[in-house]
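The values are calculated or read from the model by the stated rules, or taken from the named source; none is laboratory data. All figures in this text were calculated on a predicted structure; none of them were measured in a lab. Cβ: placed from backbone, ideal geometry, glycine included. Neighbour counts: every protein chain shown.
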There are 2 protein chains.
Amino acid sequence: MALDPSPRLELHWSHKEKGVARAAFDSALARENASIKREVENMLQRSSEPSAVWDVLEFLATKQREIERKYDYRYSVLTGVFARLLAEAWVTEKDLVGLGAEKLELIRRGAGTVRELDA
Amino acid sequence: MALDPSPRLELHWSHKEKGVARAAFDSALARENASIKREVENMLQRSSEPSAVWDVLEFLATKQREIERKYDYRYSVLTGVFARLLAEAWVTEKDLVGLGAEKLELIRRGAGTVRELDA
């Protein structure tokens with residue numbers, strides 16, 4: 001399959017695909033929030049210093065900016081968003097079952113690129 | 001005792017008083033931080049929602065602004081600072097033993113005013 005050089009603009013999302021995408025997106029966000037929550041609980045448990053709360057504040061403020069940048073539910077950028085989420089294991093291939101082959105391929109390739117860049 | 005209308009400018013802090021003030025100030029801050037930490041732990045325990053971390057972020061950001069405003073260790077404003085901390089029970093009269101009678105009186109009166117304003 002030859003990839004369109006600007007595939008984002010070309011993709012059509014069917015009603016069914018939109019349902020799959022929304023569920024996968026929401027699951028990923030819930031998983032990542034749950035992970036942040038566990039990390040905060042660990043930070044508080046590890047430290048006996050009352051001032052540890054200010055480390056928590058800084059950690060959460062950073063995470064919020066990261067989450068806001070990452071979780072962008074616009075169809076024009078959504079395969080790129082899922083690529084990152086797949087690379088970071090917040091979504092699995094199973095979550096994406098029901099998306100068209102072209103989209104899945106874009107997401108997988110994108111995930112590979114993200115992994116390389118993050119390595 | 002007649003209170004000077006601008007007593008803050010007149011107060012001299014002895015070396016011993018500075019030591020008492022610093023210890024009382026630091027204790028109050030540690031108590032208030034510990035209380036904020038407990039509140040955060042309770043918020044996280046009460047809620048099963050992963051998104052509860054964002055309520056924690058908002059709570060901590062508000063508390064940080066409040067703490068920064070309240071804990072101002074300049075001798076020119078320190079009796080007023082202790083008045084609020086006494087009114088809110090972050091310092092006790094016992095913590096302030098060693099301060100001069102004039103300062104204690106200013107702090108007690110100020111605490112009364114703060115309680116009235118907050119009531």
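Of everything in region A:67-98, what is of a type outside the set (G, A, S), under 16 Å from A:V114 (Cα atoms) and not in a helix (DSSP H, G or I)? Give them in sequence order.
Those that are of a type outside the set (G, A, S), under 16 Å from A:V114 (Cα atoms) and not in a helix (DSSP H, G or I): A:Y71, A:V77, A:E88, A:W90, A:V91, A:T92, A:E93.
Contact list please: Cβ distance under 6 Å, first residue in region B:1-23 and in a loop (DSSP other than H, G, I, E, B), second residue at pLDDT below 95 and surrounded by fewer than 10 Cβ atoms within 10 Å (Cβ to Cβ), pairs at least six apart or on different chains.
B:D4/B:E10
For region B:37-73, how many residues are β-branched (V, I, T), closer than 23 Å to A:D26 by Cβ and more than 9 Å from chain A (Cβ to nearest Cβ)?
Looking only at that region, the number is 0.
Take region A:70-119 and flag every residue that is of a type in the set (A, V, I, L, M, F, W, C) and under 20 Å from A:H12 (Cβ atoms).
Passing the criteria: A:V77, A:L78, A:V81, A:F82, A:A83, A:L96, A:V97, A:L99, A:A101, A:L104, A:L106, A:I107.
Within region A:72-95, track down each residue that is surrounded by 21 or more Cβ atoms within 10 Å (Cβ to Cβ) and among the aromatic types (F, W, Y).
Residues satisfying the conditions are A:F82, A:W90.
Please specify each residue of region B:76-112 satisfying the condition of being modelled with pLDDT of 95 or more and hydroxyl-bearing (S, T, Y).
B:T79, B:T92, listed by residue number.
Does region A:49-71 hold any residues that are small (G, A, S) and surrounded by fewer than 16 Cβ atoms within 10 Å (Cβ to Cβ), and which are they?
Selection gives A:S51, A:A61.
Using beta carbons and a limit of 9 Å, which pairs, at least six apart or on different chains, have the first residue in region A:90-110 and more than 11 Å from A:E17 (Cβ to Cβ) and the second one of a type in the set (V, I, T) and not in a helix (DSSP H, G or I)?
Filtered contacts from region A:90-110: A:I107/A:V91.
With respect to A:K37, is the statement that it is closer than 17 Å to B:L44 by Cα and either without any contact (Cβ under 8 Å) to a residue 60 or more places away in the chain or within 16 Å of the chain's Cα centre (by Cα) (or both) true?
yes
Suppose we keep only residues that are at pLDDT below 95 and among the hydroxyl-bearing types (S, T, Y) within region A:29-66. Which one would you say is nearest to B:Q64 (Cα to Cα)?
Within region A:29-66, the match that is nearest to B:Q64 (Cα to Cα) is A:S51.
Can you tell me which residues in region B:21-36 are more than 8 Å from every other protein chain (Cβ to nearest Cβ) and of a type in the set (A, V, I, L, M, F, W, C)?
Correct list: B:A21, B:A23, B:A24, B:F25, B:A28, B:L29.
When you look at A:V53, is it aliphatic (A, V, I, L, M) and without any contact (Cβ under 8 Å) to a residue 40 or more places away in the chain, yes or no?
When the stated conditions are applied, A:V53 passes them.
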